[in-house]
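**Student:** After the structure tokens below, expect a handful of questions from me.
Taken together, the values in this text are just the output of simple stated rules run on the coordinates, not laboratory data. Remember, it's a predicted structure, so these values are computed and weren't measured experimentally. Virtual Cβ from ideal backbone geometry, glycine too; neighbours counted across all protein chains shown.
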């Protein structure tokens, strides 16, 4: 339960955060205040709640998901990076070098423009970000897509629950005909995708047994990579 100082106590659940249906006390995500905050978890919790009803789709990819990082860290007594290394990255053969902390805006923009930095962004409390800030190359991203395509199995080893794969890529919310699962966009009955800044994409099509990953530097108003994939890349297979 989260105390909403404006009105009442709301029973906001993790599934509400993962499906982008949790309410927040802002009209537009306060990016500057978030990025300059030393404690992202406290910042996100302070904005959780408000007057909107639980269940209404509200896409908040930056401010809000860090609450999930806080849950993982508190429940495992590990940093999110260490937990992911042990349970996901190592089995997939993915190397994430270190935590990355921004001391100023210059370092943050250098991160956006880098093509060889390896790590995972965290705040001054060493809490890793959940909706952005993880550096992966196209091969790493494709491995995550392959894990989902195979129902949680990679190199003949079960890494993630098959039930979770199905649950997280099922429709839990919808806005203007756009369908959303748990941090995945559900495109149709056979395909789903993770879509990030600048056009970063992990695309999975179960019917065609295809995984496609796209990486890109951050740009505003990036063109739809799904159109690119469906019109030009997918037909080549």
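**Student:** Any number yet on Rg/Rh for the chain, C-alpha, Kirkwood?
**Tutor:** Result: Rg/Rh = 0.95.
**Student:** Under a point spin-label approximation (7 Å from Cα along Cα-to-Cβ), what is the residue 189-residue 155 distance to one decimal in nm?
**Tutor:** 3.6
**Student:** Under 17 Å from a label point 7 Å along Cα→Cβ of residue 42: give me every residue in the stretch 59-81 with its amide N that close.
**Tutor:** Correct set: 64, 66-67, 70-71, 74.
**Student:** Working from the pairwise distances between different alpha carbons, so that the mean of 1/r is found and then inverted, what is the stretch 136-237's Kirkwood radius in Å?
**Tutor:** 14.0
**Student:** To the nearest 0.05, what FRET efficiency results for residue 118 and residue 33 with a Förster distance of 25 Å applied to their C-beta separation?
**Tutor:** For R0 = 25 Å, the calculated efficiency reads 0.35.
**Student:** What percent do you get for the relative contact order of the stretch 1-132 when only Cα pairs under 8 Å and 6+ apart count?
**Tutor:** Relative CO of the stretch 1-132 lands at 25 percent.
**Student:** Also: Quote to one decimal, in nm, the extra length available between residue 162 and residue 52 on full extension: 0.36 nm per residue of separation minus the C-alpha distance between them.
**Tutor:** My answer for the length gained is 36.3 nm.
**Student:** Suppose we keep just the alpha-carbon trace of the stretch 101-153; what are its Rg and Dmax in angstrom?
**Tutor:** My reading of the Cα-based Rg and Dmax gives 13.8, 41 Å.
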